[in-house]
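See structure below.
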Amino acid sequence: MRRSTPYLFLLPYVAIFATFTLVPAVYGIWISLHDWDYLLPGKPFVGLANYAALFDSASPVFDFFWQSMEATGIFTVASVPLLIVAPMGVALLLNRAFPGRTLFRAVYFAPYVLGVAVIGLLWRFLLDPNLGMVNSLLGTDIPWTTGLPWAWISLVGVTVWWTLGFNAVIYLAGLQDIPRDLYDAARVDGAGRWAEFRHVTIPGLRPVLTFVVINTILASANMFGQSYLITQGAPGVETRTAIMYIADEGLRSYRMGSAAAMSYFLTLGLLLVSVIVFRLFREKDK
Amino acid sequence: MTDNLTRRGLLGLGVGAGGAVLLGACGDDGPNPVVNGGGGDAQPAATSYSGPNVALTFWNGFTGGDGPVMKSLVEKFNAANPNIKVTMNVYEWADYYQKVPAAVSTGNGPDLGIMHVEQVATNAARGVVLPLDDVAASLQLKEEDFSPPVWRAGVYNSKRYAIPLDVHPQGMFYNKKVLQAAGLDPEKPPTTGDEYLAALDALKAKGIQGHWASPFPFTGVHQFESLTWQFGGQLFDDAASKPMFAEDAGVKALTWLVDLVKKGYSPKNVAQDADAIALQNGKAAFNWNGIWNINTLNGVKGLEWGVSALPQIGTQKAAWAGSHNFVQFKQKANDPNKLTAGKVFINFISQQSLEWAKGGQVPARKEVRESAEFKGLKEQSAIGTQIDDLHFPPSVPGIADAMATMDVAVNEAILLRKEPAKALADAAAKAGQILEQNKKKYG
Amino acid sequence: MSPRPTSPPPPLTGMKANLKGIAWYTVLIGISVVFVAPLVWMLLTSLKTTSEATAIPPAWLPAEPTTRAYQTLFAGGSQTPVLRWFLNSMVAATGQAIVVLVVASMAAYPLARMKFRGKNVIFGLIVGTLFVPGFVMLIPNFLMVDRLGWLDSVWALIIPGAASAFGVFFLRQFFSALPRELEEAALIEGANAWQIFTKVILPLSKPGLATLTVIAFLTNWNDFIWPVYVLFSPEKLTLPPGLATLQGAYTTDYPVIMAGAALASIPVLILFVVCQRYIIEGVSRSGLKG
């Protein structure tokens, strides 16, 4: 293998990546050090003030920012386990030959092809506390979109409904990659269903699992469309997530510097969580 | 109708709640690098154009019933001015307010556009729009031709950036069949607080929750604003340097709305749009909503409805309103022909504002509003009777960001999570900080 | 390890299996109802009159089915060219999926299978950006696209999104899980890196590639912030901002909004049904070929 080979393979991607991700990301750090509005000629350098404000309880952003971080935390903790386990169950259900398999797979994946704008509107209407189909079916008057903990239950439920098919497809692809003979060997050894699952399926899914876990954490931590559309952050700002607040700050109030600082703070937190996840999976490898 | 949608487009956008309508105004002496248009001492702009052929782009957010009306006005203009060709592009309002500054910053902006009154100052401060004093001069427009607050809101740093096209106030929509069912006269909707509560009591006796109190900006926060003004209060002080919505009038206003829920005149947990829908399907009798609702209700088959001025609940008459305004955008290259042609266009459409009113608006120009023809538009003119009592979102530094805190307070109170006074006080503290911050930003 | 027969487990047989089979289908169908009901409701609502759509209590079936909503959409003239938006979305999403497949698979291969200087740094940088909320890059990217002269063109929809770290990360995981034996055998036969990549790695990775195609396609298909910034001409809009315009125009006219949503999603659903064999079952074929 020539020394240049790996670099040549990387070249096309890296060119696009550098232009549209790396440079903008670094530029974002630069922005976070300024009081930055892209249309104003004056963009005063403020050093780390945008970051310091996040820890200063007297700053205008402090309460709202931590409130939104808490909302993101609640949503992530509530949704990630469900989004990891439920799709695996569905993938296992579907990973066999039976008539109608194609249809069922399509059915479970179907909501995912709808954009968040569509599912948000659809569910806001279905979950309306006074007019909605859900309360009408259940014969209840639960404040699905305006009360707690109901709003969280709605947001997590809708997200599971919406994205379950995505993780399930990844699991299915991973399951099909597990060599058949490993199962045969396990069966010869007299392993039961559970032992088979633990010792063949889970290890076989590990690369895919790392991916699913991290990707799901990232997706949940970046959630805002559902909140924005279904609850609009209500009640109060209880379900306003970090990204929703950051977008407010950056794109509505034009305080891009402050918004960038919040983004990078969130990035740091997510990196930390992901390192922990990686570690956990690597240790299992040993 | 289109305005109602701003908030939804935001979802489309992924930008924060509240939407364009609440997007910010800004200050009096911020940086304003671009003055290519007609500035303060400008000579009157031309009312006709005889130069070489030019093509102009005109962007706006008229996605609803008003879109085709504006389009036909544009076609009329093109026919009358063969050397100017105006092309109109329509976007969702919230998308529009995201798109335009970005486009202008790269020199890809349109020549002409429409902006809500509370957007003008922000966009002037950010160098997106150009001064239009010369247009005002050539149209010989003066404050007394318009509703004074709208006219004044178009000025930033003592230059005019906007020419008002219309105003869209809040009115009281009512379902006639529902009123009849409760033994009320469908042709005589309540006009005072006592009458209103009496009507709600009569409805309640028939098991109807007459006024669904929405905790969201559309329509709850606008109702709160109308009521605050009715109780003699203000949202902010005149310089918009400190919030006043948590003072006595604001607390009275919000308490009145919260009591609708507590006393069972409104269901709890009213979701977005549920109040408007409840009126349409006969679950509610009243809905205080924007004038755009006329178009919506006209489209509902079999609905018998009417609209009037808001009842006077407080000590004086008052109602919330917004306004559409013409603006001209900054270009990379300064083409005097295009600028002139654009001004001719604004002039032309401004004079057609009666046509425009048929799309579901109240014309900004007084003479048109007082014409017999406008009075013939029953619904529009019913809402238009409030013209002297209208209040607009303040057009002063950093107001939109501060107003977002008010949305939170109204939401918390109407959802019965906080007492009105406490919710407003918390929000006002936050709003004060934000105003302070914005003062630094815009100078 | 020998080439792996990865066919799914054989169908159940016998009495016990019959009972199991019934339980099986019951569970499957039960879950399906939850998944499909809201979509069916969307379709049914698009066929209702406005007052029926908001009636209390809500009814499932339209008492007087009408295609008014669809007529409104298509009669809307230039204001809501839904089909045009659909085509634009198709072109952009397909284009981006292709670009992502090519560049991400090429980049993922050395990262998964080769040792070279700077590998960890490069991979670390790529993965690190996964964690940065995308909209920080919105304005910088917008300025970049302007400089390249791509504003208001399909390139702005295709290329910048292809920089996402997701594809590389995903495929690297997939490539890493492939058995080494085939690659080693090819090396002994004198194949070069490009041949191994195209003849061994890619065929073995069909399921992963198919999955990535769908993900890349849908990510682009559903993107609703970026197109608002980079597209100016209404006839170049994609579906998500287009649907926002629809909602702007029809506020509480749920039948029309639901009709727009249905028009937007049904073709993609059909596409998925047609392609899913390749997406999920491509695996067994690649196993046999390998």
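The values are calculated or read from the model by the stated rules, or taken from the named source; none is laboratory data. These numbers come from a predicted model, not from an experiment. Reconstructed Cβ throughout: ideal geometry from the backbone, glycine too, with neighbour counts over all protein chains shown.
General observations
- Any pair with Cβ under 7 angstrom, 6 or more apart, that starts in segment B:301-313 at a residue that is within 13 Å of chain C (Cβ to nearest Cβ) and modelled with pLDDT under 95 and ends at one that is buried (at least 18 other Cβ atoms within 10 Å of the Cβ) and in a loop (DSSP other than H, G, I, E, B): B:LYS301/C:THR49
- Residues in segment B:328-381 that are among the β-branched types (Val, Ile, Thr) and closer than 25 Å to B:LYS159 by Cβ: B:THR340, B:VAL344, B:ILE346, B:ILE349.
- Screening the candidates A:ASN135, A:ASN130 for the property of being buried (at least 20 other Cβ atoms within 10 Å of the Cβ), without any contact (Cβ under 8 Å) to a residue 12 or more places away in the chain and more than 7 Å from every other protein chain (Cβ to nearest Cβ) yields one hit, A:ASN135.
- Check on B:ASP201, charged (D, E, K, R), in a helix (DSSP H, G or I), over 19 Å from B:VAL362 (Cβ atoms) and out of contact with any Asp or Glu (no Cβ under 7 Å at 6 or more places or on another chain): yes
- Identification of helices (runs of 4 or more DSSP H) wholly contained in segment B:96-174 with 1 or more residues that are closer than 30 Å to B:PRO189 by Cα yields B:148-153.
- Listed by position, the helices (runs of 4 or more DSSP H) enclosed by segment A:158-229 that each have at least 1 residues that are in contact with a Phe, Trp or Tyr (Cβ under 9 Å, 6 or more places away or on another chain) and either surrounded by fewer than 18 Cβ atoms within 10 Å (Cβ to Cβ) or free of Cβ contacts under 8 Å to residues at least 24 places away in the same chain (or both) are A:193-196, A:202-221.
- The lone criterion from (1) within 14 Å of chain A (Cβ to nearest Cβ); (2) crowded, with 24+ Cβ neighbours inside 10 Å left unmet by B:VAL90 is number (1).
- Residue check: C:LYS48 meets all listed conditions (1) in contact with a Pro (Cβ under 8 Å, 6 or more places away or on another chain); (2) part of a helix (DSSP H, G or I); (3) of a type outside the set (Gly, Ala, Ser) but one, namely (2).
- Only one of the numbered conditions (1) surrounded by fewer than 18 Cβ atoms within 10 Å (Cβ to Cβ); (2) closer than 30 Å to B:GLY127 by Cβ; (3) touching a Lys or Arg at 6+ places or on another chain (Cβ under 8 Å) is not met by B:ASN337, and that is (3).
- Condition broken by B:VAL327, with the remaining ones in (1) buried (at least 22 other Cβ atoms within 10 Å of the Cβ); (2) outside any loop (DSSP other than H, G, I, E, B); (3) in contact with an Asp or Glu (Cβ under 8 Å, 6 or more places away or on another chain) satisfied: (3)
- Of all residues in segment A:57-74 being free of Cβ contacts under 8 Å to residues at least 24 places away in the same chain and of a type in the set (S, T, N, Q), the one that is farthest from the other protein chains (Cβ to nearest Cβ): A:SER57
- Single residue of B:LYS317, B:LYS332, B:LYS343, B:LYS301 found to be assigned to a loop (DSSP other than H, G, I, E, B), of a type in the set (D, E, K, R), farther than 30 Å from A:ALA151 by Cα and in contact with a Gly (Cβ under 8 Å, 6 or more places away or on another chain): B:LYS332
- Helices (runs of 4 or more DSSP H) fully within segment A:35-143 that include at least 3 residues being among the small types (Gly, Ala, Ser): A:62-94.
- Of everything in segment A:214-225 that is farther than 17 Å from C:PHE135 by Cα and among the polar types (S, T, N, Q), the residue that is farthest from the other protein chains (Cβ to nearest Cβ) is A:THR216.
- Within segment C:183-207, the residues that satisfy the criterion of being among the hydrophobic types (A, V, I, L, M, F, W, C) and more than 22 Å from C:LEU101 (Cα to Cα) are C:ALA185, C:ALA186, C:LEU187, C:ILE188, C:ALA191.
- Looking only at segment A:40-80, and only at residues there that are among the aromatic types (Phe, Trp, Tyr) and over 16 Å from A:MET262 (Cα atoms), the one that is surrounded by the fewest Cβ atoms within 10 Å (Cβ to Cβ): A:PHE45
- The residue list B:ALA246, B:ALA240 contains one member that is modelled with pLDDT of 95 or more, of a type in the set (Gly, Ala, Ser) and more than 26 Å from B:PHE286 (Cα to Cα), which is B:ALA246.
- Count of residues meeting criterion [in contact with a Pro (Cβ under 8 Å, 6 or more places away or on another chain), facing chain A (nearest Cβ under 8 Å) and over 22 Å from A:PHE224 (Cα atoms)] in segment C:129-169: 1
- All positions within segment A:247-268 that are assigned to a helix (DSSP H, G or I) and in contact (Cβ under 8 Å) with a residue 40 or more places away in the chain: A:GLU249, A:MET256, A:GLY257, A:SER258, A:ALA260, A:ALA261, A:MET262, A:SER263, A:TYR264, A:PHE265, A:LEU266
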